[in-house]
Amino acid sequence: MASVQMSPKDEMLARFLDAASTGNVAKVSAMITHSSSLINESGGNGWTALMLGARNGHFKVVQTLLTNGCDKSSVNKSGQTAYDIARFWGHKHIASLLANSRGGNSHHLLPSSGTEGHENYFSREYLNRMSEKRTDSLWLKAKQSSPASVYILFFNLNPLVTSGADGAGESERDFKLCKLRWGTVKELLTKPGTTVIFLGVEKQVKFASQPPVEDEDGLTAWFALNAEDNPMEDLQFPSPNCFFLKSTIPALLQLSSDEAGVIAQARSVLAWHNRYSFCPTCGSRTKIDEGGYKRTCLKEDCRSLQGIHNTCYPRVDPVVIMLVIHPDGDQCLLGRKKTFPVGMYSCLAGFIEPGEVIEEAVRREVEEESGIKVGPVQYVSSQPWPMPSSLMIGCLAVAESTDIKVDENEIEEARWFTRQQVIDVFMKNSKPAFSMAPRQAIAHQLIKHWIGVNANL
Ligand SMILES: NC(=O)C1=CN([C@@H]2O[C@H](COP(=O)(O)OP(=O)(O)OC[C@H]3O[C@@H](n4cnc5c(N)ncnc54)[C@H](O)[C@@H]3O)[C@@H](O)[C@H]2O)C=CC1
Ligand SMILES: [Mg+2]
Ligand SMILES: [Mg+2]
Ligand SMILES: [Mg+2]
Ligand SMILES: [Zn+2]
């Protein structure tokens, strides 16, 4: 075979991927120490070192990569994660390592539901929320003006980002949050229309000086700001490429997993402040407490000041989203709203109502929207959906009837699709029967979970 001329960078990546593929732990480890950005880079067909280690059963390689912060949610060009690959090739110990690597090893305490390894977009906890610090006003004040603290900025609930991938392996992540410092935002913090909330601290402790000075705790605090007037006019931003990303789908789906998790938290809490300016109980003015996690009514005898009132805390709206399986086990029910792009079908979904358990909400929403009666329901995984503050609770459900009658107010059409039609969509075969929600949506992940897309590797 003729040799191909490679750039030094490509050559280093090829050596790194080869080391992961052949189980050379010492080399993998040395190469990441020397060049940490290699860890999430991908070669042919989008395969990363983690995927190659998982494919070839190299437990120690996978362990080393995970310990060094490798992104286990990356997918190759066929949409498979390292976990999918490990499971397909029967490396159960590696699949289990990948499934448990963020939550310790307590999974064996839970009954097996086949849900391991699910990490949905918007669901990563990049920061430690440190809720105990929300009432420590001195600590919060010191962190607000610390030069090490990170501020992310929103204007009308749209986050400030920069565009463009700046490194290999980032090509799918088109936008990055702009991380601002105290010096840039301090004027803005004093403006009346600005809301600031404390998000948490980076999980890794970093000391600015060695040995640390007395008041230094090594914690990098993150704050989020929402401005009512366009702050671009007054502020000096770090890069001329910064802009406010419209919080619509699919734009908001193009962040890294870490940043999507931060956005899910920040945007939901800021949206709550934006919508709940006055006390919902008596209509008086409120003040922001607990690092932005509480609004307290300023009227002395307001009922909301006695006992616990959920109106004082940020809201989360639970939504069930379900893939309904035909009684023959070989078809699934998908519907389309009028607002969907042409040809797109997805899972049915609906808000849980007061006094309702998850299973009943699944049965009620499916029957309301499609006329189908549902029997058993199984929880699969969940996803925060910060438009503005839903929690999507993803389930599989088995139908007990098959005749469809749609609620035309909500659904334009609902249909049974065969397993093969669904596989054709995942495999991008020609003339697919429909198009699917993007992989960042839990609907996509539920459908993938049902067909076990990895069987087609
Ligand atoms: N991540 C994903 O894959 C998907 C997410 N979703 C999200 O799920 C949510 C619920 O799905 P739908 O089919 O619209 O629900 P749905 O079937 O319950 O119908 C929506 C209607 O319910 C009423 N409603 C009841 N409680 C509400 C609340 N707390 N907030 C707003 N409206 C409420 C309103 O009249 C609204 O028009 C939507 O916000 C949508 O953005 C929906 C599908 C896929
Ligand atoms: Mg619905
Ligand atoms: Mg509904
Ligand atoms: Mg509903
Ligand atoms: Zn009140």
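The values are calculated or read from the model by the stated rules, or taken from the named source; none is laboratory data. If you're wondering where the values come from, they're calculated on a predicted model, not measured in any experiment. Quick reminder, even Gly has a Cβ in these numbers, built from the backbone with ideal geometry, and neighbours come from all protein chains shown. Just so you know, the surface numbers come from the protein's heavy atoms only, side chains and all, with ligands and any DNA or RNA stripped out. Shrake-Rupley method; radii C 1.70, N 1.55, O 1.52, S 1.80 Å.
Restricting attention to region 72-90, the residues that are open to solvent by less than 70 Å² (accessible area, probe 1.4 Å), among the basic types (Lys, Arg) and assigned to a helix (DSSP H, G or I) total 0.
The single condition from (1) out of contact with any strand residue (DSSP E or B) (no Cβ under 9 Å at 6 or more places or on another chain); (2) farther than 30 Å from LYS294 by Cα; (3) at pLDDT below 90 that ARG102 fails is (2).
When the residues of region 142-165 are filtered to those that are part of a strand (DSSP E or B) and polar (S, T, N, Q), the one that is farthest from ASN226 (Cα to Cα) is SER163. In region 374-385, the residues that are more than 12 Å from ligand 1 (Cβ to nearest atom) reach residues that are open to solvent by 40 Å² or more (accessible area, probe 1.4 Å) and in a strand (DSSP E or B) with C-beta atoms within less than 9 angstrom, at least six apart or across chains, in these pairs: VAL374/VAL398; GLY375/VAL398; PRO376/VAL398; VAL377/VAL398; GLN378/VAL398. If you check VAL362, VAL422, VAL406, VAL357 for being among the aliphatic types (A, V, I, L, M), more than 26 Å from the chain's Cα centre (by Cα) and more than 16 Å from ligand 5 (Cβ to nearest atom), only one passes: VAL406. Taken over region 263-281, the criterion of being more than 16 Å from ligand 1 (Cβ to nearest atom), modelled with pLDDT of 95 or more and either surrounded by 15 or more Cβ atoms within 10 Å (Cβ to Cβ) or among the hydroxyl-bearing types (Ser, Thr, Tyr) (or both) is satisfied by GLN265, ALA266, VAL269, LEU270, HIS273, CYS279, THR281. Quick one: count up the residues across region 333-373 that are more than 15 Å from ligand 4 (Cβ to nearest atom) and assigned to a helix (DSSP H, G or I). Number of matching residues: 1.
Within region 274-312, the set of residues being in a loop (DSSP other than H, G, I, E, B) and either in contact (Cβ under 8 Å) with a residue 12 or more places away in the chain or in contact with an Asp or Glu (Cβ under 8 Å, 6 or more places away or on another chain) (or both) comprises TYR276, CYS279, PRO280, THR281, CYS282, SER284, TYR293, LEU298, LYS299, CYS302, HIS309. All of (1) within 14 Å of ligand 2 (Cβ to nearest atom); (2) open to solvent by 10 Å² or more (accessible area, probe 1.4 Å); (3) touching a strand residue (DSSP E or B) at 6+ places or on another chain (Cβ under 7 Å) hold for ILE372 with one exception: (2).
Within region 402-419, the only residue that satisfies the criterion of being without any contact (Cβ under 8 Å) to a residue 60 or more places away in the chain and either under 18 Å from GLU360 (Cβ atoms) or open to solvent by less than 20 Å² (accessible area, probe 1.4 Å) (or both) is ASP407. Kindly indicate whether any position in region 313-325 is in contact (Cβ under 8 Å) with a residue 24 or more places away in the chain and among the aromatic types (Phe, Trp, Tyr). Looking for residues that are in contact (Cβ under 8 Å) with a residue 24 or more places away in the chain and among the aromatic types (Phe, Trp, Tyr), one finds none in region 313-325, hence no. Filtered by the rule that a residue be open to solvent by less than 30 Å² (accessible area, probe 1.4 Å) and part of a loop (DSSP other than H, G, I, E, B), region 375-390 gives PRO386, SER389.
As a summary of the residue check, MET232 satisfies the conditions (1) under 26 Å from LEU391 (Cα atoms); (2) not in a loop (DSSP other than H, G, I, E, B) except for the one numbered (1).
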